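> Mind having a look at this structure? Questions to follow.
The values are calculated or read from the model by the stated rules, or taken from the named source; none is laboratory data. Note that this is a predicted model, so its numbers are computed, not measured. Positions of Cβ are backbone-derived with ideal geometry, glycine not excepted, and every protein chain shown enters the neighbour counts. We work out accessible area using only protein heavy atoms, side chains counted, and drop any ligands, DNA or RNA first. Shrake-Rupley method; radii C 1.70, N 1.55, O 1.52, S 1.80 Å.
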Amino acid sequence: MMIRTMWKYLLLFLLVFINFFPSLVSAKDVIYSKEVTVLVYHHIDDHLQGGVTITTELFKTQLEALNRNGFRFITMDQFKNFMTKGADIPDNAVLITFDDGYRSFYTNAYPILKKMHIPAVNFVITKDLENPQGSQLPSLSREDIVRMRKENPNIDFQSHSDQMHVQKDGKPMLNNKFMINGSMETDDQLKLRVISDTKKSMAKLIELNGAKSVDAYAYPFGSYDDQTIDFLHEAGIKYGFTTKTGIASLKSDPMQIPRINAGSPYVQAQSINNLIKQAKRHQLQSLK
């Protein structure tokens, strides 16, 4: 009789534990090892609607769902050491990235990241540092970046170019030639333009102590080619982040890192787990 009663209390305890601490239970589920899911966001706003804009509440519940489902967040430095040195990372590793350097990262995303102790990296369009209120959406200021870096060194700021995040004649500037004074750009002129822009962007972020090492780049509009990679390498970039869907592994080209777009209003908290599992399935199928 006493044993039966003890089992009842034990069962009740387990039910309560699972209800209030689901992340500790599901954390044992290993979806992948020695790989990293890189999630990309853009704008966090409670009023503006858009394909790459989500609310603060959705952002928060997405991160909570990832925690609950056993995903573990890593820093940019951990990611770099994994990619180049094969350093240890936790199972179900996730790197949070943002593109464009909008001020909503500071006002809306950063407080959530800070409270939940989650690291992240923001790829900044550095020309907007000159006039943060002059861009289409308010951008991060130098003071914002300095403040966040002082408060939390696990928040990184890397390059999304200085002035290359525009299209000319309907084509991205990073990897296309354009007319200059009536003549088409030469290969050398294109190379000089890309390298100069990249070094300028990196210098601005280095001045702000934007990261331990400013050597990562998110391709504007996700547009690049082999020549672009060579130019960026020459400028000092070691890691290139794409818009291609997938999960990063030691086999991934460090200059062609895949990411998953989580910053869409269509990606609800409960579907994040399935989105990552789907990317993993596609990856396995492509290896067959």
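> Return the distance in nm (one decimal) between the two label points of a simple spin-label model at GLN136 and MET184, each offset 7 Å from Cα along Cα→Cβ.
Label-label distance for GLN136 and MET184, simple model: 2.9 nm.
> Here's a follow-up. Alpha carbons only, please: Rg and Dmax for the stretch 179-255, in angstrom.
Answer for the stretch 179-255, Rg first and Dmax second: 14.1, 46 Å.
> While we're on this one: Give the lysines reachable from LYS150 as a straight Cα distance under 18 Å; neighbours fewer than 8 places away on the same chain don't count.
LYS114, LYS115, LYS204, LYS212
> Which one of ALA87, ALA203, ALA235 has the biggest mean-square fluctuation once the chain is modelled by GNM with Cα springs under 10 Å?
ALA87
> Quick one: length gained pulling ARG72 to ARG147 fully straight, 0.36 nm per residue minus the C-alpha distance?
Values: separation 75, 0.36 × 75 = 27.00 nm, distance 2.55 nm.
Length difference between fully extended and current span is 24.4 nm.
> Scan the stretch 91-173 for GluC sites (Glu not before Pro) in coil per DSSP, keeping those whose Cβ has at most 15 other Cβ atoms within 10 Å, and list them by number. If you can, show how the numbers build up before the last one.
Details: sites: GLU130, GLU143, GLU151; in loops: GLU130.
Hits after loop and neighbour filter: GLU130.
> Taking every DSSP beta bridge that has both residues in the chain, what percent is antiparallel when rounded to the nearest 5?
Working: 8 of 34 bridges.
Taking every DSSP beta bridge within the chain, about 25 percent pair in antiparallel fashion.
> Okay, moving on. Using the Karplus curve 6.51 cos²θ - 1.76 cosθ + 1.60 with θ = phi - 60°, work out ³J(HN,Hα) for each residue of the stretch 134-143 in order, rounded to whole Hz, and write x for Gly and Pro.
Working through the residues one at a time gives x, 7, 4, 10, x, 10, 5, 9, 4, 5 Hz.
> Principal axis lengths of the stretch 150-288 from Cα atoms, whole Å, largest first?
Largest to smallest, the principal-axis extents are 53, 41, 31 Å.
> Which value, in nm² and rounded to one decimal, describes the direction-averaged projected area of the C-alpha convex hull of the stretch 113-218? Display every interim value, and only then the final one.
Working: hull surface 31.3 nm².
For the stretch 113-218, averaging the hull's shadow over all directions gives 7.8 nm².
> List, in the order given, every pair from LYS80/LYS244; LYS60/LYS200; LYS80/LYS127; LYS34/LYS60; LYS251/LYS277; LYS199/LYS280 whose Cα-Cα distance in the structure shown is over 28 Å. Kindly include the intermediate steps, with their values, before the conclusion.
Values: LYS80/LYS244 19 Å; LYS60/LYS200 34 Å; LYS80/LYS127 26 Å; LYS34/LYS60 26 Å; LYS251/LYS277 19 Å; LYS199/LYS280 35 Å.
Beyond 28 Å: LYS60/LYS200; LYS199/LYS280.
> Can you compute the FRET efficiency between LYS114 and ILE206 using 1/(1 + (r/R0)^6), with r the Cβ-Cβ distance and R0 = 25 Å? Round to the nearest 0.05. Walk me through the numbers on the way to the answer.
Values: r = 24 Å, r/R0 = 0.94.
Efficiency, from the Cβ-Cβ distance: 0.60.
> Compute the accessible area per residue over the chain, keeping the other protein chains in place, probe 1.4 Å, unit Å². All intermediate terms of the calculation are to be shown ahead of the outcome.
Working: 14770 Å² over 288 residues.
Ligands and nucleic acids excluded, the figure is 51 Å² per residue.
> While we're here: Show that you can apply the helix-only estimate: for the chain, add -39,500 (n - 2.57) for every DSSP H stretch of four or more residues, divide by all residues, and state [θ] at 222 nm to the nearest 500.
-12000 deg cm²/dmol
> Using r as the Cβ-Cβ distance of HIS47 and SER271, and R0 as 41 Å, what FRET efficiency do you calculate, to the nearest 0.05?
After rounding to 0.05, the efficiency reads 0.95.
> A further question on this structure: Whose amide H sits under 5 Å from the amide H of ASN122, counting only residues 5 or more places off or on another chain, with H placed in the peptide plane?
For ASN122, whose amide H was placed from the backbone, the distant partners under 5 Å are PHE98, ASP156, PHE157, GLN158.
> Also, I was wondering about something else. For the chain, I need the span (max minus min coordinate) of the C-alpha atoms along each principal axis, in Å, sorted largest to smallest.
Largest to smallest, the principal-axis extents are 94, 46, 33 Å.
> Related question: On the protein heavy atoms, probe 1.4 angstrom, tell me the percent of accessible surface of the stretch 124-183 carried by carbon and sulfur.
On the way: 1350 of 3000 Å².
C and S atoms contribute 45 percent here.
> Could you give me D for the stretch 223-275, from Stokes-Einstein at 20 °C and 1.002 mPa s, where the hydrodynamic radius is the Kirkwood radius over C-alpha pairs? Units µm² s⁻¹, please. Please report the intermediate quantities before stating the final value.
Values: Rh = 12.7 Å.
It diffuses with D of about 168 µm²/s by this estimate.
> Let me ask another. DSSP loop GluC sites (Glu not before Pro) in the stretch 180-288 with at most 16 other Cβ atoms within 10 Å of their Cβ, which ones? Write down the numbers at each step before the final one.
Values: sites: GLU185, GLU207, GLU234; in loops: GLU185.
Of the GluC sites (Glu not before Pro), the ones in loops of the stretch 180-288 whose Cβ has at most 16 other Cβ atoms within 10 Å are GLU185.
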